[in-house]
Structure formats: C-alpha cells, structure tokens
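*Asks:* Next up is a structure, given as structure tokens.
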Number of protein chains: 2
Amino acid sequence: MSTTIKDIAKIARVSHTTVSRALNDSPLINRETKERIKAIAQQLNYTPNFNAKSLVLDRSYNVGLFFSTLRSGTSSTFFYEAVKGVNRVVHDRYNLVVRGIDDARDFQQISRKSFDGILIMSQSAEDQAFIRHLQDKEIPFVVLNRLIEQPGVLNILADDESGAYAVVEHLIACGHRKIAFIEGKKGFQSSLRRRSGYERALQAHGLTVCSDFCEQGDYDIESGYHAMKRLLRLEVRPTAVFCSNDDMAVGAIKACSEQSVRVPEELSVAGFDDNHFSAYLTPALTTVKRPIETISSEGARRLLEAIESKRMEPETIYVSTELVIRDSVQHLPQNVI
Amino acid sequence: MSTTIKDIAKIARVSHTTVSRALNDSPLINRETKERIKAIAQQLNYTPNFNAKSLVLDRSYNVGLFFSTLRSGTSSTFFYEAVKGVNRVVHDRYNLVVRGIDDARDFQQISRKSFDGILIMSQSAEDQAFIRHLQDKEIPFVVLNRLIEQPGVLNILADDESGAYAVVEHLIACGHRKIAFIEGKKGFQSSLRRRSGYERALQAHGLTVCSDFCEQGDYDIESGYHAMKRLLRLEVRPTAVFCSNDDMAVGAIKACSEQSVRVPEELSVAGFDDNHFSAYLTPALTTVKRPIETISSEGARRLLEAIESKRMEPETIYVSTELVIRDSVQHLPQNVI
DNA sequence: CTGTTAGCGCCTTCAG
DNA sequence: CTGAAGGCGCTAACAG
C-alpha cells in the first residue's frame, strides 16, 4: 500500500489535517512543523492520491482536447501542432486527454467531474451536439478553429476566408484568370470559408466562378490527386489551382507530374496551411500560413485561466493568416494572357 | 449539484447499496428492481462520479501515451499514427492522456493511482529513468518502438535494422556501390539500428563503409536538406543515398533539386517509414514501411489486457517492416558502373 | 497554530 | 435478494 497522509501523521506525531496543511502550503501552519512534515513525506516517498483530492475538491485535473474526428480529414501536421500547442501550456498541471468526438459512444460519460475543461478543435457543425452537451453540463470549454454562431462562447480561429482571398488574389495578380479550386472536406466549416474566400476574390476582380473549375476534395492527399486528375481532363484547363490545404496540393502536384504537366510552368498550384514540409517540396509550395499551434496554445491558456478564475470571457478571436509566396505559382507569360 | 446514487435511492425507495448494485449489473439483485432503478437513473440523467469510483476501486481510468519528446525528432506522421493506433483500442474505456517524458517536471506525480497503465513510445535511452520509475511504482507499462535490454518488459517494435538492410540491399541490387547514409537523431536507438542495417548490408556485399558518406541528421526535414547539401559538395559523389526517415528524404530531394541534380536519374534516394505522403512525392519515394499504427494498437491491446487480468506477459515482439519500391531509386546504367 | 469531526460518492463486507 | 455500517484518502469547517 502506498503511503498516505495518515502514515506521515503518525510518524510526525501530528494529526493528518496538519499534514494536509503542510503539504499544501497552507498559511495556517508553523514553518518548522511544515518543514519537518515535508521532510518526512519526502523520505517516505509520498505521492498524493489525486483521486481522493479530486473527490473532495471536485476537480479532475483532466483537460480534454477533442477533435471532430481522429480518423480522416485531420491531417497529421494539423493534429501534431494542435497537441503540441496545448501541451506546452497544460504541461504538468493537468492531464491532457486527447479524443475524437465521433468515437465518444456516449457523451454522458463526459461530465464536469471528469474534465475541468475542454478544448474543442472543431471542424464541422456535427460537433454542435457535443458543444451543447458541454453547455448543459456547464463544463468550461473553448472552441478552436471553427466559428460558432451562438454567443457566449470563447472561440479562437484562423481567418480562413481572408487567407483564401489573399492567395487567390495573388494568383490573379500573377495574371491567372482560369483559376480552379479544390474544396476541403464536405461539411467542414473551413472548407466553406475557404471556398467563399476563393469566390469573393474572383468576383472582386470581375471573374466568374465556374462550376467546372470547382472540385470536391476531403483534405486528404488522395482526394487532391483525384480532383486534379479530373481538372486535367477538362477541355479548357485552368492555368492555376487553389487547393484547400497543402496535403491536397501534394496530391494535385503528383497528378500533374504523372501527366507531365509541369508545375508551375504550365500550371500554378497554391495550398493552404503551410505544413512543415511545404517549403521543401519541389516546387516549394505557395500557401497560406495558418498558425494552429498558436491558436491551440492560446486556447489552452485561456481555458486554464477560466478554470482557475471560474469565469469565462466569451469572445471571438481571429488569428490572422499569412500569405507565403514560394515557387509553385508563376506569372503567366504575357502572350498567354 | 449532480445526482448521486443516494438521490436515486431515495426515489426508488431502496438503499444506495442496491442502486450501486443495479447500476453495476451485480448478480445479487432482482431483475425487476434493477430495471426500475436503471430507468430512474436514466431519467435523472445520472452520471457516475468517476473520482469516487476511482478512489474506492483504486483505478484511475487513465492510460498514458508518453513520447520521449513532443518537441523535435518526433515527426508529425509518427505522432499521429501512434495516437490513432492507441485511441482505436482505448476508446471510451479509458482516458488517453498524451505527454512528453521530457516535460514531466517530476515523475513522482505519476503513480499507480494516476495511471492504470502507460505506453511508452520510446526513442532514446534517456527514457530509461522514466521506465525505472514505472517499475518502482509497479505501474503496468509497455515499451514501444525501442528495444529494451532488461528482461521482464513487454516490448513491441519494428525491426529497424533488417528494414534498413533491405533497402540498402535493394540499392546495391540496382547497381549502386557509392551509397551514402543520412543518420537519424543522435541518441535515438532507431538511428543506431538503421545505421547498423546500412553498414551490415554494405559489408555483406563487399563494400566498405566510408565515413565521408555518413552524415548526421536529426529526423527533421531541415537536417536531411543540409546533410544532402554536404554530400553534394563531395569530390566523389554518391550515386545513392539512404535517408533514415522519409522526412529527411524530402529535405534531401529538395537539396538535389536546388542544385539541379535529378532524382533518380543522377542520384537515387531512399527513405524509411513510408509516411502517408511518400507515395505522392515526385519522384514517389522508395522506402521501408514501418507500421507504427499497428505497433501502437497492439501495444494498447496488450496493455489493457494486462490491466484487466492484472498480469503482464513480458515478451519482445518484432513487427516486420516492408520494402516499398517506388520511383526514387533507379538502376545505374551499365556504363556508369 | 493544531486537532476533532464530518463528509465528498462510491463499493464492499457482513447481517439479515 | 436487500440493507446497515464502514472506509477509500483527502480537505474543510469548527473548536480550542
């Protein structure tokens, strides 16, 4: 059996309450006895039983990081950055529990008792039921990555739309007029926002959105590959393609190279996210940097604040994206325009 | 206040003991009262307090997945696959808590009470202190990915060495004799094993290991890039390079393309891991498939088994790797040999 | 400053 | 089959 405060109490010849106070640095205790007790605890290799603490303090020391899904549509870079960002903040103070919302058989399990707070890395509106559950249970939470319409929630996300707008505008500035689009996963809000950035940019420059040029993808490499293959079969081909994430851009470029379509000489390709590897592709990918790690750690920071102060400041925070110009987009030669 | 078994007891006009039995499907209870109680619980939206359960049952419902580090040397693909693999098994039954060993300020915190079991995704011998701690505390654990010399531990890993041997042999079979090597992160055991596979393959075919051809990397893309740049400055260049992981191969290929060295025509490049994106690079990467997800889920499965049966079968299990031949390695033309 | 007492929510003897 | 009593390890009043 592991040692408890009572064991320590016996040896120190005090009550277990005193031990508790000593170990928790209570002000209601004599410095000397405190140090004496701490020494004994150390020597006995004492570890507090967090379950007991949890029970009485009504805190679980668990912080959840829930993704819409852990199966598909979540790129590994995205996932890794998110966990890293949260972990940096949460650290030793809490257990970081990672899970996919779609494999929680029963939300009932997750309660105020089991999580002190939760970060939702939300991708789609399907998470709504889960969010409602957290509200019902009054579990402190913050929603990352997806805009939540309802008021009263702390919401941190990248400005997907203006990021997309910026790349597409860049494409246009490079002389492109036939610009295709490969969309993200159906139902994911980021897909919609990026699409709308694409469309708005075209329209702002007097270009029309052509449905032939819009292909559905799902954020996976494969889907970018297949979407691009379809685009390459078109009678009139686009001169540039905006892919809704870097993974799909990788697939798209692959499809090009298989058909000996040179990127960027014959076809420009842009992505979104600025994955770690994107600078190292050939050609290096022009893309939009989306600071997932920043979003995550900022979300974590605020969540912990809320947990500790017991109140949450609802707010919607946009973290800005940034156009990263590299080599996969080229100026159209004059004569082609 | 959330509802407890006592609340249910009052309404059902039974003792809380009976409620407990009903909710836990104890055999010592009448079917009808059981169903009646369950209905009431349902209706009251009852959620068990896991902290209380934990306290009395001496189980935390936490399973840890600890990486040597969450900072560098852990590729995002590797990380994602590992978490996915474990999550698939652990699921709802336990909380999956993810952490880096190097940011556990104090191992004391992690005890039998706080974790029912732990998976160590171990990269380097520096984890040894942590492993010893788990043994001291008698926490069930399994070590993934790195060979543990001491007996008595359940150890699941890929056969890095024979995987490396296989690619290098493939390089040799393609006529290459000047084969360079980019090593993984210093101190990581996988680095050493892959190196030794490389060296053994050369020796087995009468080739000598040349230190000029061995560059240190650290598993990051950048390091592959810089290592390759150094190799390209050599008087006599290699005709093939084996990179200790796919990420570094990406960097290496980038360095080549920057210097207009064509891969694979002028230089063959092979990787290790078979990352998700490797098939979609141009050229598609020849590499070695290392089944991280399988290792992880198998590890998780066995860990849960051990937790539930309260005994661990120590064993060392090698999961085999597999050579994946794609386009980044080419036969040397006869006249060049 | 310290000790006594009570109780967090649950499970487990032990009697009936 | 059901209930009463006790306790898991810890913190929080409340007295002294």
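Listed here are the residues, each with its yes/no results for (1) small (Gly, Ala, Ser); (2) farther than 28 Å from A:Val63 by Cα; (3) within 16 Å of DNA strand C (Cβ to nearest atom).
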| position | (1), (2), (3) |
| --- | --- |
| B:Ala9 | yes, yes, yes |
| B:Arg36 | no, yes, no |
| B:Ile40 | no, yes, yes |
| B:Leu70 | no, no, no |
| B:Lys84 | no, no, no |
| B:Asp102 | no, no, no |
| B:Gln108 | no, no, no |
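*Asks:* Output the helices (runs of 4 or more DSSP H) that fall wholly within segment B:1-77 and possess 1 or more residues being of a type in the set (D, E, K, R), more than 8 Å from DNA strand D (Cβ to nearest atom) and under 39 Å from the mean Cα position of the chain (by Cα), or say none.
*Replies:* In segment B:1-77, the matching helices (runs of 4 or more DSSP H) lie at B:50-57.
*Asks:* While we're here: Got a sec? Which of B:Lys254, B:Lys310 is among the basic types (Lys, Arg) and without any contact (Cβ under 8 Å) to a residue 12 or more places away in the chain?
*Replies:* None of the other options fit; the residue is B:Lys310.
*Asks:* Go through segment A:80-111 and report how many residues are within 7 Å of another protein chain (Cβ to nearest Cβ) and either of a type in the set (A, V, I, L, M) or assigned to a loop (DSSP other than H, G, I, E, B) (or both).
*Replies:* 9
*Asks:* Something else now. Within the bounds of segment A:125-143, is there any residue that is buried (at least 21 other Cβ atoms within 10 Å of the Cβ), within 13 Å of the chain's Cα centre (by Cα) and modelled with pLDDT of 95 or more?
*Replies:* yes
*Asks:* A further question follows. Enumerate the strands (runs of 3 or more DSSP E) found wholly within segment A:178-291, keeping only those where 3 or more residues are under 29 Å from B:Met248 (Cα atoms) and of a type in the set (Gly, Ala, Ser).
*Replies:* Ranges flagged: none.
*Asks:* Also, I was wondering about something else. Looking at (1) surrounded by fewer than 24 Cβ atoms within 10 Å (Cβ to Cβ); (2) within 15 Å of B:Arg326 (Cα to Cα); (3) touching an Asp or Glu at 6+ places or on another chain (Cβ under 8 Å), find the lone condition where B:Glu265 falls short.
*Replies:* Result: B:Glu265 passes all but (3).
*Asks:* Restricting to segment A:91-124, and then to whatever is surrounded by 23 or more Cβ atoms within 10 Å (Cβ to Cβ) and modelled with pLDDT under 90, can you tell me which residue is farthest from A:Gly64 (Cα to Cα)?
*Replies:* So the residue we want is A:Gln123.
*Asks:* Do we find that B:Leu232 is more than 28 Å from the chain's Cα centre (by Cα) and crowded, with 22+ Cβ neighbours inside 10 Å in this structure?
*Replies:* no
*Asks:* Go through segment A:157-178 residue by residue and tally those that are over 23 Å from the mean Cα position of the chain (by Cα) and surrounded by fewer than 24 Cβ atoms within 10 Å (Cβ to Cβ). Steps first, please.
*Replies:* Keep residues of segment A:157-178 that are over 23 Å from the mean Cα position of the chain (by Cα), which gives A:168-178.
From the residues that got through so far, the ones that are surrounded by fewer than 24 Cβ atoms within 10 Å (Cβ to Cβ) too are A:169-170, A:172-175, A:177-178.
Number of matching residues: 8.
*Asks:* Conditions: (1) among the acidic types (Asp, Glu); (2) more than 10 Å from chain A (Cβ to nearest Cβ); (3) touching a residue at least 60 places away in the same chain (Cβ under 8 Å); (4) within 21 Å of A:Lys84 (Cα to Cα). B:Asp116 meets all but one. Number of the miss?
*Replies:* All conditions pass for B:Asp116, except number (4).
*Asks:* Scan segment A:53-62 and tell me whether some residue there is at the interface with chain B (Cβ under 8 Å from one of its Cβ atoms) and away from DNA strand C (no atom under 16 Å from the Cβ).
*Replies:* Checking segment A:53-62: at least one residue is at the interface with chain B (Cβ under 8 Å from one of its Cβ atoms) and away from DNA strand C (no atom under 16 Å from the Cβ).
*Asks:* Is it the case that segment A:76-85 has a residue that's among the acidic types (Asp, Glu), touching a helix residue (DSSP H, G or I) at 6+ places or on another chain (Cβ under 9 Å) and buried (at least 23 other Cβ atoms within 10 Å of the Cβ)?
*Replies:* Within segment A:76-85, one or more residues are among the acidic types (Asp, Glu), touching a helix residue (DSSP H, G or I) at 6+ places or on another chain (Cβ under 9 Å) and buried (at least 23 other Cβ atoms within 10 Å of the Cβ).
*Asks:* Could you look through segment A:279-303, keep only residues that are crowded, with 24+ Cβ neighbours inside 10 Å and small (Gly, Ala, Ser), and pick out the one that is farthest from A:Cys214 (Cα to Cα)?
*Replies:* A:Ala300
*Asks:* For segment B:202-229, name all the residues that are surrounded by fewer than 23 Cβ atoms within 10 Å (Cβ to Cβ) and of a type in the set (S, T, N, Q).
*Replies:* Answer for segment B:202-229, where residues must be surrounded by fewer than 23 Cβ atoms within 10 Å (Cβ to Cβ) and of a type in the set (S, T, N, Q): B:Gln203, B:Thr208, B:Ser211, B:Gln216.
*Asks:* Can I ask one more? Going through A:Val142, A:Val168 one at a time, which residue ends up being in a strand (DSSP E or B), away from chain B (no Cβ under 14 Å) and touching a Gly at 6+ places or on another chain (Cβ under 9 Å)?
*Replies:* A:Val142
*Asks:* Mind checking whether some residue in segment A:72-79 is of a type in the set (Val, Ile, Thr) and within 7 Å of chain B (Cβ to nearest Cβ)? So that I can check it myself, show each step before the final result.
*Replies:* Of the residues in segment A:72-79, the ones of a type in the set (Val, Ile, Thr) are A:74, A:77.
When the remaining residues are screened for being within 7 Å of chain B (Cβ to nearest Cβ), the result is A:77.
Checking segment A:72-79: at least one residue is of a type in the set (Val, Ile, Thr) and within 7 Å of chain B (Cβ to nearest Cβ).
The values are calculated or read from the model by the stated rules, or taken from the named source; none is laboratory data. Here the structure is a predicted model, which means the values were calculated and not measured. Positions of Cβ are backbone-derived with ideal geometry, glycine not excepted, and every protein chain shown enters the neighbour counts.
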